[in-house]
Structure formats: structure tokens, C-alpha cells
Amino acid sequence: MSLRLTDVAWSAGEVRVLDGVTAAAPGGRLTGLLGPNGAGKSTLLRVVGGVLAPDAGSVHLDGADLLALPRRERARRVRSSSRRPSQPGRSRCARRCTSAGPRTCRAGAG
């Protein structure tokens, strides 16, 4: 499933939190969202999930405009895309590595 964001903007009152975010996450690949605290990562994910309505821009999942879909359909599509790990063992390893810390994680430990 591919995700495409185009010129997404969102403000909290007078403060512009997201300003013209354009990004793509191609289907079949793992894509990370990295940035310092306060950069807007969680806000962006809330816009993608439909929890927050953007001031501007578009969000497409496999070509479908997520923001135009009814709330239940949007939730179904976002949920189903996040629950299809291509390699289930890796997600188990990732959970263990993030909870235990990087020094205890070994590559390939599944």
C-alpha cells in the first residue's frame, strides 16, 4: 500500500505546526518518520489517520483520497495497512529492541 502526502498543512491556533508537507511512502517498503521532539511527527500521523483535519493539502492511500472518505472507511483502510507486516518476525524483534534498548538488540535476532 502506498501513501502520498501533498502540501499538508495544519495549525494549532496561530501556530503553524505542519507547513506544506509533501512525502511519499511506497508500497511494499518500510518507511520511517524521523525528527526531533516537537517537529510535528505525531501531528502528521494524526492528520493521516483522520484524527485532525488539515488546513490544506491531500492524503492518498493507494490513490484513494483518505480525507474524502467517511470516517469508518478511512479507519478501516489505515488500520489494515498498518497490520500487514511483510516479515512478522521483524516486528517482534523491533518491539523487543525498542523496549530493551539498542545495546541489547542484535541484528537478525527474531
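Applying a threshold of 9 Å to beta carbon distances and a minimum spacing of six or more residues, or different chains, the list of pairs starting in the stretch 30-54 at a residue that is within 14 Å of Asp7 (Cα to Cα) and ending at one that is part of a loop (DSSP other than H, G, I, E, B) and of a type outside the set (Val, Ile, Thr) reads Leu44/Leu33; Val47/Ala53; Val47/Pro54.
Is it fair to say Leu66 is surrounded by 14 or more Cβ atoms within 10 Å (Cβ to Cβ) and free of Cβ contacts under 8 Å to residues at least 24 places away in the same chain? Against the criterion (surrounded by 14 or more Cβ atoms within 10 Å (Cβ to Cβ) and free of Cβ contacts under 8 Å to residues at least 24 places away in the same chain), Leu66 qualifies.
When Val48, Val78 are checked against the criterion of being modelled with pLDDT under 85 and of a type in the set (Val, Ile, Thr), Val78 stands alone in meeting it.
Restricting attention to the stretch 47-68, the residues being of a type in the set (A, V, I, L, M) and either in contact with a helix residue (DSSP H, G or I) (Cβ under 6 Å, 6 or more places away or on another chain) or in a loop (DSSP other than H, G, I, E, B) (or both) number 6.
The values are calculated or read from the model by the stated rules, or taken from the named source; none is laboratory data. Here the structure is a predicted model, which is why all the values come from computation and not from measurement. Note that each Cβ is placed from the backbone with ideal geometry, even for glycine, and that neighbours are counted across all protein chains shown.
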